[in-house]
Every structure is written in structure tokens, then in C-alpha cells.
Amino acid sequence: MSFKFNFDIEMDGEDVETPYVEPTPDTFVQSPSSASSRVPAQLHSLDELISKLPPHIAYSPLSIPLTSSKTITIPRRELFDVKMQLMAEDNNPSTNASQNFSAAFTDEDIRTNTYEGGLKSWECSSDLVKQLVSDSEIWKNSSHRILELGCGTALPSCYILQTLLSSPGDHPVHLTLADYNIDVLRLVTLPNLILAYLYATNGLPSSDPSVSEEPEETPEIELTPDLISSFLSTLQSHHISISFLSGSWSPVMISLVHGGLEHPSTTEETMYSLLLASETIYSPSSIPEFVDMIEYTLADSGKGYIAAKDIYFGVGGSVKDFVDIVEGKAWKWEVVREEKRGTGVGRVVGVVSKS
Ligand SMILES: C[S@@+](CC[C@H](N)C(=O)[O-])C[C@H]1O[C@@H](n2cnc3c(N)ncnc32)[C@H](O)[C@@H]1O
């Protein structure tokens, strides 16, 4: 029940230019999976995930080139630091996270229905950040509720949080981050949101080697109670709230979005004005469930930014499969960014809307 992204692909100029994200391969193989063995959906509060944070995290700044002279920086927890935490937890009988995450210690990128790849940043997520930078005036003024599906390291949401903290909008914003694995949410998603907060508020130590005392070392921050309390009060003063969803895309996840299992009500109030997703349509078996998530969580006036490879050889998912379903529902699909990698498979960012 596992598959490995095949990294034996020809590296061309663009990969050299963007070495910071995992190049999604052009070809990979996946074993069959069944929806019944998937992890059930659960809602998590920010407080719950804060209680699961490690005492410190190591990070590095990720530079995403926008033009030849302009980049955007998003600090991100280092994968080696995540692995060290998992190894430490392996010795702790109260957690069995590293058993589920043994794929993270091998050359597998995804283990179907166990670990769906969220510990690493995939290359389409930087495409999505670039598009959000271009469209910042559009989403900033119209997005009150934002959902990132299959967030993993959540670069797009981190960019959004940095932007909202640096130049606040004039309305409250609720951000929901969903990943298949609760452990991805606690190990990378929330740590990266805290790093985004620190970056936006100039709270990170300088990464300038001429200023840094120990330039050789990967920087670390202590997640002290004072830091967490400043994070929470800054969110509150900017009228930003955050929640999390783990588990599989499903009717249960949809009902959790809309007020819980007992009183679900699919109203415009609980729908999202902005939906984000990067590298989430690689598996044909889960594309219909992913489209259901859009159908029942994206507001009629909302926009869904979907970043993906044109085709995922070996598994079979593709933008075309996704767009066929979208067009069957008479929704709109507009490609707003295209990235080509020489002879490799292209990548797109498209916007789906219902009207
Ligand atoms: C390849 S990772 C991409 C992570 C991140 N968006 C990026 O681009 O770096 C795919 C993500 O899709 C999500 N995912 C895949 N299949 C899923 C399913 N059936 N239900 C819920 N989430 C799923 C996982 O949470 C996983 O993090």
C-alpha cells in the first residue's frame, strides 16, 4: 500500500532554479487503495494543536522567486527536525506517530491511506504562492473564510497569514487547514504558521550571516509560553481565527465544516470564500471526494485555487480528470498560471468557481 515518487527525472533549469521544494515526479506507482480504510475526519482547535507542539523547532527561510529580481520568503520547519522529533517520540509509549510515519524515514513519498505526503513541500505549492502574490488585492478584499485542503507544510496559508499580519484587511478572517494526517498538522502545519507570524512581526532572528552569531547553525526557536501567548494575542488583535481538520475528504469532514455531526447546516455563513489546494489530485480514486469537498465547502461566490501537475503518470490522476468533473457540474475553470519544465510534465494553477 505504498508508492514512491520517482526522482529519476531529468533535472532541468527550473528545478535548479527552485531547489527548495520536492519536484513532483512525472511518473510514480501506487498500490490500489480502498476508501473504507481511510482515516476518519476530525476537527481540531488551535488550542488542541498548540498543546501538541514540541518545545523548539529548527527552520530555514524558503525563497520563492517571483521575478528575476524579486522573491518572497516563507520560513519553514526543517524536515530533519521533524524526523528527530518522531524518533524521540518513538521512545515514548504514549505516542505511536513514528509507526504511521515510517514512510518519512524511507524513500517513499506517500503511503496510501496512511501518510499522504504532507511533511514535504511539493513544487505546485510554490506556484500557488506565486499566484496568490499576483492576486493579493483580489483575495484580500473578498476572503473572509479560507480553507486549504491537503495543506501539508501550508506554504500558501503561511503566505496569506504573513500578508494579513503585515497589512491587515478590514474584516475578520477564519483560516482552516486540512490535512489527511493529524501528525502533519502538529509537526509542520502549525509550526509553519507560527514561523509565518514571527516572520511578519520581525520576531525571527536575522538570517543575515554578517549579523548572526552562529551562521553555520540551522536557526531554532523556542516555543515558549510567552511566544505562544503573543501569537494568540496577535491573531486576536488582527481578528484572525484558525481551526484544523484531519482525516479523509468525506461527508463527515463536510459536516464538521458546517457545525458538527449533530447539527450540520450547509449555509453560506459556513462556506468558504477562498479554497486552496496544491498537489491533491494525483489519485483518481480520491478526485471525486475532493470535488465533493469543493461542492459543499466553497461558497457560490467563492474561488478555489487548485495547483497541480497536468498528469500524474503511474497513478493516473490529472488536471483533465478533475476539470471533466468540474465542467460536468457546469462550474467555471480558468487556468491562471502555467509552468513548463522543458520536456517534463507541465503544472498549472487554475481557479474553479461555481458562477
Ligand atoms: C502530495 S501532498 C501535498 C501537500 C501540500 N499541499 C504541498 O503541495 O506541498 C498531498 C496532500 O493531500 C492530502 N490528501 C491526499 N489524499 C487525501 C484524502 N483522501 N483525504 C484527505 N486529504 C488527502 C494530504 O493531506 C496531503 O498532505
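See the values below:
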{"read-out": "Cβ-defined net charge surrounding Lys329, 9 Å radius [Lys, Arg +1; Asp, Glu -1]", "value": "-1"}
{"read-out": "Cα centroid separation, segment 159-181 to segment 183-199 (Å)", "value": "12"}
{"read-out": "Label-point separation in nm, Ser230 to Ser60, each point 7 Å along Cα→Cβ", "value": "2.5"}
{"read-out": "Sequence ranges 164-175, 63-74, 302-313, ranked by mean other-Cβ count within 10 angstrom, highest first", "value": "302-313, 164-175, 63-74"}
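Laboratory data are not the source of any read-out in this text; all were calculated from the coordinates shown. Treat the numbers as computed from the prediction; the structure is a model and nothing was measured. Cβ: placed from backbone, ideal geometry, glycine included. Neighbour counts: every protein chain shown.
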